[in-house]
Amino acid sequence: MRLRAGLGEVASTRPWASRRGQVWSSRWGRGAAAVLAGALPALAFPAPSLWWLAYGALVPWLLLLRAAPTGRRAALDGWLGGTGFMLAVHHWLMPNLHVFILVLAALLGLLWAPWGWLVRWVFREASGTPGRALLVCAVVPSGWLMVEVVRSWEGLGGPWGLLGASQWQVPPALRVAAIGGVWLVTLLVVAVNTALALLVAVPSVRTAAVAALAACAVGLGSAALWAAAPEPVGTVRVGVVQPGVIGGPDGPERRFARGEELTRALAERDVDLVVWGESSVGADLAARPNLAERLAELSRQVGAEVLVNVDARRSDLPGIYKSSVLVGPGGPTGDRYDKMRLVPFGEYVPARAVLGWVTSVGRAADEDRRRGTAQVVMTAGKGGELLVGPLVCFESAFPDMSRHLARDGARLLVAQSATSTFQDSWAPGQHASLAALRAAETGRPMVHATLTGVSAAYGPDGARIGAPLGTDRSAAAVYDLPLATATTPYVRFGDWPVWAALAVLAGVAGAAGARAVRTPAPDSRVRPARTARGSAGRPGH
């Protein structure tokens, strides 16, 4: 008993146990704060659409990274924040992927680990001169942009939730997109966040932080003036057919019939093109000539081609394709585009031999769709003067695809989509908003046509045209879209902001490396103590 009591007294006099508990509590609290801080920017996207929040939503995360005690801890906070961001912007996938969404978010969140380390390092450098503070406002956004570029690879999920895309309804930001695409908008948004964080955390460089904010404001205003909205050179009238939610085993046939009914209502509207949503036709038209004839009859009735989307096994090629098919009064015109970029897990399972088990825990694709090999510009309209560039669903998120179509001569961009699986989530509205960015980047009007909403149309400046068709509608709408022929700087010069950001990071890394080489290493040799006796005892004395 005495021994046990003595041990208890010794333990009570040693504070290490309580300190250890406090450390773990602090670590868990800091980790939770990083996850929440990373998730905050998701509120800037639809449906909340708090676009203004994007200009300050990163500040808590930046301050947390700056205050990290070590570079390793900053990298961990970057990872946790990135995981929170990925979960927030993809939360609507949870009913499909279940617990696997946590694994995906954690894997993608790793991309922010180097950025977390970079933020801590460069913010500590900012404690010097105002010039260094301005450099921080270039380095931090450049690092963030590299993360967005890497995760935009199709195999990693594609460019969904790019921070710049949250500004889809802000006219000055759309003018910035015309200059440098969504990438330049992202750089601007993160630069404002960085300047605000400097303003709060580094009092010695507040003047420089204010100067950086002023520079961002001037840049935004200059872009709005310099990259003026394209001059219209005519209009095109497009009919969009949205049949609404139709389920059941006979869903494809009933959906086709509803599409026919809505299309006939456009017979007196003098449209130039009618667009149906993704997977609007559930059988190959070559294998079902009766469906092809019904579509040809619709084209004759409305006096315009009908652009449908076939999701079916091909009769001339092995496998299932999702294809945009143009049908005229005489049947399919021969213009066909096979979807090239597929949705991971939704349309194919990456490394199915390893990850095929996902189909047992979520609604992943049972069979991989096949890919097309090239983009296509179709000829439609009265007199064949309308050049149409089709995209299918997920592809509207990729800036390079719409830019490629514009360079190939497309005057109208069309995205055919279906988001009925996520009908009551943020996904339909956010997906439709991407068309505004693609229109502004290319200077071409764009139609986003869906099966179940949200369907919308945007002019060549990215401004929305008419009223969208929400997820509660089964209807057809007609949009008069202004056409433009001018080439935007983004179409002409491409992804130059990405290369500029890479140059900034390479320059900073090179300067840091050169400084490390020039700085001599501390002398680790231990010099003997000099004493009167020692000096007298050395040879020569």
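The values are calculated or read from the model by the stated rules, or taken from the named source; none is laboratory data. Everything numeric in this text was worked out from a predicted model, so none of it was measured. Counting neighbours? That spans all protein chains shown, and the Cβs are built from the backbone with ideal geometry, glycine included.
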Quick check on my filter: what residues within region 215-244 are surrounded by fewer than 17 Cβ atoms within 10 Å (Cβ to Cβ) and of a type in the set (Val, Ile, Thr)?
Val218, Val233, Thr235
Tell me, which residue of region 326-345 that is part of a strand (DSSP E or B) and either out of contact with any strand residue (DSSP E or B) (no Cβ under 7 Å at 6 or more places or on another chain) or of a type in the set (A, V, I, L, M, F, W, C) (or both) is nearest to Asp400 (Cα to Cα)?
Pro344
Does Leu434 fit the bill of being closer than 13 Å to Ala449 by Cα, crowded, with 24+ Cβ neighbours inside 10 Å and in contact with a Lys or Arg (Cβ under 9 Å, 6 or more places away or on another chain)?
no
(1) in the same structural domain as Phe398 (by TED's automatic domain parsing); (2) crowded, with 21+ Cβ neighbours inside 10 Å all hold for Gln301 apart from (2)
Does region 282-295 hold any residues that are of a type in the set (A, V, I, L, M) and under 15 Å from Leu262 (Cα atoms), and which are they?
Leu295
Could you please let me know if Gly453 is buried (at least 24 other Cβ atoms within 10 Å of the Cβ), in a loop (DSSP other than H, G, I, E, B) and not β-branched (Val, Ile, Thr)?
yes
Give the residue that is surrounded by the fewest Cβ atoms within 10 Å (Cβ to Cβ), with candidates limited to residues of region 157-175 that are in a helix (DSSP H, G or I) and touching a residue at least 60 places away in the same chain (Cβ under 8 Å).
Pro171
Do you know which residues across region 119-133 are in a helix (DSSP H, G or I) and buried (at least 20 other Cβ atoms within 10 Å of the Cβ)?
Val119, Arg120, Val122, Phe123, Ala133
Enumeration of residues in region 198-218 that are more than 16 Å from Leu188 (Cβ to Cβ) and either out of contact with any Phe, Trp or Tyr (no Cβ under 9 Å at 6 or more places or on another chain) or not assigned by TED's automatic domain parsing to the domain that holds Gly56 (or both)
Leu199, Val200, Pro203, Ser204, Val205, Arg206, Thr207, Ala208, Val210
Between a first residue in region 483-501 that is more than 29 Å from Leu135 (Cβ to Cβ) and a second residue that is crowded, with 16+ Cβ neighbours inside 10 Å and among the charged types (D, E, K, R), which pairs have beta carbons less than 6 Å apart while being 6 or more apart in sequence or on different chains?
Leu483/Arg411; Val491/Arg403
